[in-house]
Amino acid sequence: METKIGAYFCKGCGIGGCLDIDKLLKAATAAKVPVVKSHDILCSQAGVDSIKADIAGAGVNRVSVVACSPRVFPELFEFGKDVLTDRVNVREGVAWCCKPNDEDTQMLAEDCVRMSVARLVNSAPAEPFVEETSKAVLVVGAGMAGLTAAKSAAQAGYKVVLVEKEERLGGWASKFSKVVPKGPVYREPEDSGVEALVQEVESHPNIKVHKGATVAKTVGQPGKFMAALEKGGVTTEVTVGSIVLASGWKPYDASKLGRWGYGASPDVITNVRFEELAAKGRIMRPSDGKPVTSVAFIQCAGSRDAEHLPYCSAVCCRVSLKQALHVRREHPEAKVYIIYKDLRSPAQYERFYARVAEDEGVFLTKGEIAEVKKEADGLISVRAEKTLLGEDITVRADLVVLATGMVPSTKVEPGPAAAEGAAGKTCDPEKEGKTADGKKEAESAELGAKILNLTYRQGTDLPTLKYGFPDSHFICFPYETRRTGIYAAGAVRAPMDLASGAGDGRGAALKAIQCVEAISRGAAVHPRAGDLSYPEFFMQRCTQCKRCTEECPFGSLDEDNKGTPLPNPLRCRRCGVCLGACPERIVSFKNFNVNMVSKMIKAIEVPEEDEDKPRILAFICENDALASLDMAGVMRLQRNAMIRIIPLRCLGSMNAVWVSDALAGGIDGVLLIGCKKGDDYQCHFIRGSELADYRMGNVKEKLKQLVLEEERVEIHELAITDYRRIPEIFDKFLETIRRVGPNPYKDM
Amino acid sequence: MAEQKIADSMSADILVVGGGIAGMTAALEAAEAGKTVVLSEAKPSLGGRVAATNQYFPKLCPPSCGIEINLRRIKANPSITVLTLAEVEGLSGGRGGHEARIKLHPRFVNEKCTACGDCEKACEVERDNDFNFGLDKTKAVYLPHLMAYPFRYVVDPKHAGDPRMKKAAAACAYGAVELDMKPRTLTLKVGAVVWATGWKPYDAAKLDRLGFGRYRNVVTNSMMERLASQSGPTGGKLVRPSDQVGLKKVGFVQCAGSRDEKHLPYCSAVCCLASMKQATYVRAQYPDAEIHIFYIDVRAPGRMEDFYVKAQEDKKLFFHRGKVGTITEVEGSRNLVLEAENTLTGELTKTEVDMAVLAVGMVPNTADEKPPLDTPLDEFGFIAPDTGKGVIGAGTVTRPLDVASSVVDATGAAMRALIAAAEASAAGRN
């Protein structure tokens, strides 16, 4: 269909008072826009109707709305899937932040219009990638989290395949006799309820259970994952749409706990061993089977400890409180000591703590363990310093229970031989994510446990975040994952108790359902939820440089043996990092591509050198920086009018060729503004801002080739709340550019 | 989608009550799973308490960043209808379907508002800014905050009848200010109801010996967020309230009313980390300031421990084990003396600071405003877990939670709502 552009100019909200609208209309006409109109209040019913009338009557199918920010009134200016709308922000972005009735401000607005026209001419409405997909959910692991996920998805009407490597379902919950109270009045240990849950799951018509089975291989992409389930040498293939990884946790290796007396006596046991003993019968002293009279619980045995597990396992304090009660119930004469660093019983669990503290036989103290040793009489002495009594105490116990922490099942503990070389690589945040090379990630995944056995170019399993947990880095989006359609839940994601594990599994089931629903429509999942565009590759020009396959933050591109990318559109999150990575410019979205941006840059009018009107181009992240610029506008923070803005899906989608296009075309300087990178990165696409920074290397090379000063390109991190910094960044850069002087390519 | 043209009666799969982070999440997660959702918020805009928070621990990132993404998801999703200034007046039914009666309080500004700000400029009436805990004022016609959604002005109902407001109304070129706007009521048929009405800070004035309300330099942790915020009363400059002077010595009083039989017997789970986070606000502006944190137990679960470890690297940040019993003001300087018993050494300590921050706990809004349908609550007013009765709780109405946990909880609540809506729709077909 032929494209026909209509440009509609709003005069309201101060725009008409700041800009010469007639001149703007002329600029649009000069840019060959056939339908050009202005309105006093474009967002009014009459304004919107006039656009609709042109769509229906005049065949307009590309609409340039020259008014306010795309962040406001989006629904007013949506005209169906066949009409492409571009919002040209001359309100927050021009009239509210630049000098009114000024030549430079007017030129800025006119450039904005020309850039919009270039955008509309060189893009098209997105067409979804739709294929026949499965809406079934694969749940790996049948502990509390996995069972709850499976049951939830099944209850909502989705088919579920549940795989458990053990011969029975239930996980840790089925091995504990009682659990910490999960509800009011939070005082007495209760049943976990896992048996009933197992029964429901096993009898649910929507759930197919595979016990004693593992996932030998997972190929494909969301909506069409093919998982090979292996049981006793027999392989069953299942097709599923999404995956919940609920493979749980394992206890920290007790053999490393010699400092806390482990191994010194059979009477020093772990909290997990305690549960096993409790499940078998009355708790007795392991060495001689006699009743216990004095039991010491040592909290944080190997936890919150830089040499062991640096993190807190979140549940051990409450577990010890529960086990203390268990001892007291079975042995009313026994004394129980709990020695902790900080007693952590958050939320309503404080009530359980208070209930245990009421028990006169339970003695709780803060303290640091100085020594645990076996005495000649067979008892174990535990010496603690810095206790609440203000003095050292020594407890002589006939049973010592070490509260050991949780290790995610995704983590492989390096053996003694491997430890030297491999230590840290699986989970070291210093190394992970700091490189632009996807190989490192592949390595990291190789060193992790193989649970899903994905046949992805970037590794076999979910990338881990820290300490081996495949957790999300995003506070607002805790299910965010770097492998589309695969969601971690329960203690594999982060240390958590059974109640939280169940809740986590329920949420993960929702995400899994959401994914299969979105994929079935060809829509993206978070954070560009609903986006129907996807990248297409013009393979004839591919040089097999592998940048896209290495840099995709979500591992969506595989490779053939020559290194040619094999796209998996259903894994794609539409960030455009591949588009930014490709030196051959072969990656395009219908509504976002290299040519489109190049043409937008070309649309900027570059005044002659002697006019002293520097031109600066700013590529900004449309997730955070764009909003920040809007807020600066709302606050009427004034800035210079020399800067032309092109928002990008992510700064990682910036292709270095645009910088050379701009500079070769006489633009004096280029600003790149994205989100924070590094350990506490805020990039919604994980590595986008880091990759942009990395590509600055290429940009500097280009500058050298063009014999231009390095200062002509600057990269900035800007948080969404940094609006007060914007005028300064813009004005300082303008100063820099004035100092460096005009771009010598201007007059060529 | 914002309330442009809301019909008097409508139906949806799910009603979510409360538009803070939990409610927004529950609504979005359900809508993106294909359900139709009505999101009902009592305030004039979405965002709840996270919108008033300066940064999140442990990343020290701004909540606006996540709100922006969530708002973008809402704007892009035709399956969500957002109601603001909305109050659920009645809810009936049970498994199989509910009918809700929702009162829409007048905004006094209609959908023609473009947020240009001309009314605000012309307005001569001021009000206390509740968003900033009354630490400053706004005009009586105001934009709730920079991230407000809907992005539209609102008139404080206390001042709508003030004749001086006519000037503000007249300044609007779009006819958007409607000072005689009337409330309306709509009825809604839904398959499931998620309750996410959130929390409020414990009333610090009840902590008699800690001086809040008597001494201006005693503030709460929630106020501290506003004091540190770019959009706060001081534009982000941390100064003490009595004289706007910079900070040299700040005290954080943990468990102010929490883990206390006389006040909140439970732990609010986030305050330790919140205070350590607020210590970084102080440190960022005052490299030499002394910071003292008085605590009973430092609770930093999971990998939050890293944040605690990092806090301990600050050489001028001191952790004191002990609960502050009394705060007194020093005459003249308006400094504060924190009296605490150090439970490690047993000694009674007195520490003079120039500002004290009370880490007050979270009270579920369900404690005062009980959810409908006889929803079972625990003794503190939180919605009891897993009863399967009444409305589906999400976020801090179920227990004190940090933001990430609240989002997990809300996503799980959306899952429950999907199941209940599926049951209701099956029942409707039968």
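The values are calculated or read from the model by the stated rules, or taken from the named source; none is laboratory data. The structure displayed is predicted, hence computed values, not measured ones. Cβ: placed from backbone, ideal geometry, glycine included. Neighbour counts: every protein chain shown.
When residues in the stretch B:14-44 are screened for being within 20 Å of the chain's Cα centre (by Cα), more than 13 Å from chain A (Cβ to nearest Cβ) and in a loop (DSSP other than H, G, I, E, B), 6 of them pass. Could you tell me how many of the residues in the stretch A:143-186 are away from every other protein chain (no Cβ under 11 Å), outside any helix (DSSP H, G or I) and among the basic types (Lys, Arg)? Of the residues in the stretch A:143-186, 4 are away from every other protein chain (no Cβ under 11 Å), outside any helix (DSSP H, G or I) and among the basic types (Lys, Arg).
Would you be able to tell me the number of residues in the stretch A:13-33 that are among the hydrophobic types (A, V, I, L, M, F, W, C) and part of a helix (DSSP H, G or I)? First the steps, then the outcome.
Here is the first cut: in the stretch A:13-33, the residues among the hydrophobic types (A, V, I, L, M, F, W, C) are A:13, A:15, A:18-19, A:21, A:24-25, A:27-28, A:30-31, A:33.
Filter once more, keeping what is part of a helix (DSSP H, G or I): A:15, A:18, A:21, A:24-25, A:27-28, A:30.
Number satisfying all stated conditions: 8.
Test B:Asn77 against the stated conditions and say whether it is under 15 Å from B:Tyr149 (Cβ atoms), touching a residue at least 24 places away in the same chain (Cβ under 8 Å) and surrounded by fewer than 19 Cβ atoms within 10 Å (Cβ to Cβ). Walk me through it before giving the result.
Working: under 15 Å from B:Tyr149 (Cβ atoms): yes; touching a residue at least 24 places away in the same chain (Cβ under 8 Å): yes; surrounded by fewer than 19 Cβ atoms within 10 Å (Cβ to Cβ): yes.
Against the criterion (under 15 Å from B:Tyr149 (Cβ atoms), touching a residue at least 24 places away in the same chain (Cβ under 8 Å) and surrounded by fewer than 19 Cβ atoms within 10 Å (Cβ to Cβ)), B:Asn77 qualifies.
If you go through the stretch A:460-493 and keep only what is crowded, with 22+ Cβ neighbours inside 10 Å and within 15 Å of A:Ser556 (Cα to Cα), you end up with A:Asp461, A:Leu462, A:Pro463, A:Thr481, A:Arg482, A:Arg483, A:Thr484, A:Gly485, A:Ile486.
Screening B:Tyr286 with (1) at the interface with chain A (Cβ under 10 Å from one of its Cβ atoms); (2) surrounded by fewer than 20 Cβ atoms within 10 Å (Cβ to Cβ) gives one miss only, at (1).
If you check A:Gly171, A:Gly146 for being farther than 30 Å from A:Val33 by Cβ and either acidic (Asp, Glu) or over 26 Å from the mean Cα position of the chain (by Cα) (or both), only one passes: A:Gly171.
Yes/no matrix, rows are residues, columns are (1) closer than 27 Å to A:Gly501 by Cβ; (2) surrounded by 21 or more Cβ atoms within 10 Å (Cβ to Cβ); (3) of a type outside the set (A, V, I, L, M); (4) modelled with pLDDT of 95 or more:
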| site | (1), (2), (3), (4) |
| --- | --- |
| A:Ala227 | yes, yes, no, yes |
| A:Thr239 | no, no, yes, yes |
| A:Ser242 | yes, yes, yes, yes |
| A:Leu245 | yes, yes, no, yes |
| A:Tyr252 | yes, yes, yes, yes |
| A:Arg259 | no, no, yes, yes |
| A:Gly263 | no, no, yes, yes |
| A:Asp267 | no, yes, yes, yes |
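Provide a single number: the residues in the stretch A:58-76 that are on the phi < 0 side of the Ramachandran plot, within 14 Å of chain B (Cβ to nearest Cβ) and either in a loop (DSSP other than H, G, I, E, B) or in contact (Cβ under 8 Å) with a residue 24 or more places away in the chain (or both). Break it down stepwise before answering.
So in the stretch A:58-76, the residues on the phi < 0 side of the Ramachandran plot come out as A:58, A:60-72, A:74-76.
Next, from what is left, pick out any that are within 14 Å of chain B (Cβ to nearest Cβ): A:65, A:67-72, A:74-76.
With the extra rule that they be either in a loop (DSSP other than H, G, I, E, B) or in contact (Cβ under 8 Å) with a residue 24 or more places away in the chain (or both), the set shrinks to A:65, A:67-72, A:76.
Total satisfying the criteria: 8.
Among residues of the stretch B:386-398 being at pLDDT 95 or above, assigned to a loop (DSSP other than H, G, I, E, B) and within 13 Å of chain A (Cβ to nearest Cβ), the one that is farthest from B:Val194 (Cα to Cα) is B:Thr398.
Within the stretch B:231-276, being within 14 Å of another protein chain (Cβ to nearest Cβ), under 21 Å from B:Gly134 (Cβ atoms) and more than 17 Å from the chain's Cα centre (by Cα) holds for B:Thr234, B:Gly235, B:Gly236, B:Lys237, B:Gly257.
Within the stretch A:255-309, the residues that satisfy the criterion of being over 41 Å from the mean Cα position of the chain (by Cα) and of a type in the set (D, E, K, R) are A:Asp267, A:Lys280, A:Arg282, A:Arg285, A:Asp288, A:Lys290.
In the stretch A:208-219, the residues that are at positive phi reach residues that are part of a strand (DSSP E or B) and of a type in the set (Asp, Glu) with C-beta atoms within less than 9 angstrom, at least six apart or across chains, in these pairs: A:Gly212/A:Glu164. Applying the condition of being at the interface with another protein chain (Cβ under 7 Å from one of its Cβ atoms) and closer than 15 Å to A:Ala491 by Cβ to the stretch A:467-478 and asking which residue is nearest to the chain's Cα centre (by Cα) yields A:Pro478. Of all residues in the stretch B:60-83, those being in contact with a strand residue (DSSP E or B) (Cβ under 8 Å, 6 or more places away or on another chain) and closer than 24 Å to A:Cys43 by Cα number 6. Please determine whether any residue of the stretch A:310-331 is more than 37 Å from the chain's Cα centre (by Cα) and part of a loop (DSSP other than H, G, I, E, B). Yes: one or more hits.
Within the stretch A:230-272, the set of residues being more than 26 Å from A:Thr214 (Cβ to Cβ) and part of a helix (DSSP H, G or I) comprises A:Lys256, A:Gly258, A:Arg259, A:Trp260, A:Asn271.
In the set (1) of a type in the set (Val, Ile, Thr); (2) free of Cβ contacts under 8 Å to residues at least 40 places away in the same chain; (3) over 26 Å from A:Asp531 (Cβ atoms), B:Val17 fails one condition alone, (2).
In the stretch B:321-380, counting only strands (runs of 3 or more DSSP E) that sit wholly within it, the ones holding 3 or more residues that are touching a helix residue (DSSP H, G or I) at 6+ places or on another chain (Cβ under 7 Å) span B:324-329, B:355-360.
Got a sec? Which helices (runs of 4 or more DSSP H) wholly within the stretch A:497-606 have at least 2 residues that are under 26 Å from the mean Cα position of the chain (by Cα)?
Values: elements: A:498-520, A:547-551, A:577-581, A:594-602.
Here the list reads A:498-520, A:547-551, A:577-581.
Condition test on B:Glu379, is it of a type outside the set (Lys, Arg) and surrounded by fewer than 16 Cβ atoms within 10 Å (Cβ to Cβ)? Yes: the conditions hold for B:Glu379.
Within the stretch B:127-148, being under 17 Å from the mean Cα position of the chain (by Cα) and either free of Cβ contacts under 8 Å to residues at least 24 places away in the same chain or assigned to a strand (DSSP E or B) (or both) holds for B:Asp130, B:Gly134. Selection of the stretch A:494-504 for residues being crowded, with 24+ Cβ neighbours inside 10 Å and charged (D, E, K, R) yields only A:Asp504. Among the residues making up the stretch A:505-521, a single one is within 7 Å of another protein chain (Cβ to nearest Cβ) and surrounded by fewer than 24 Cβ atoms within 10 Å (Cβ to Cβ): A:Glu517.
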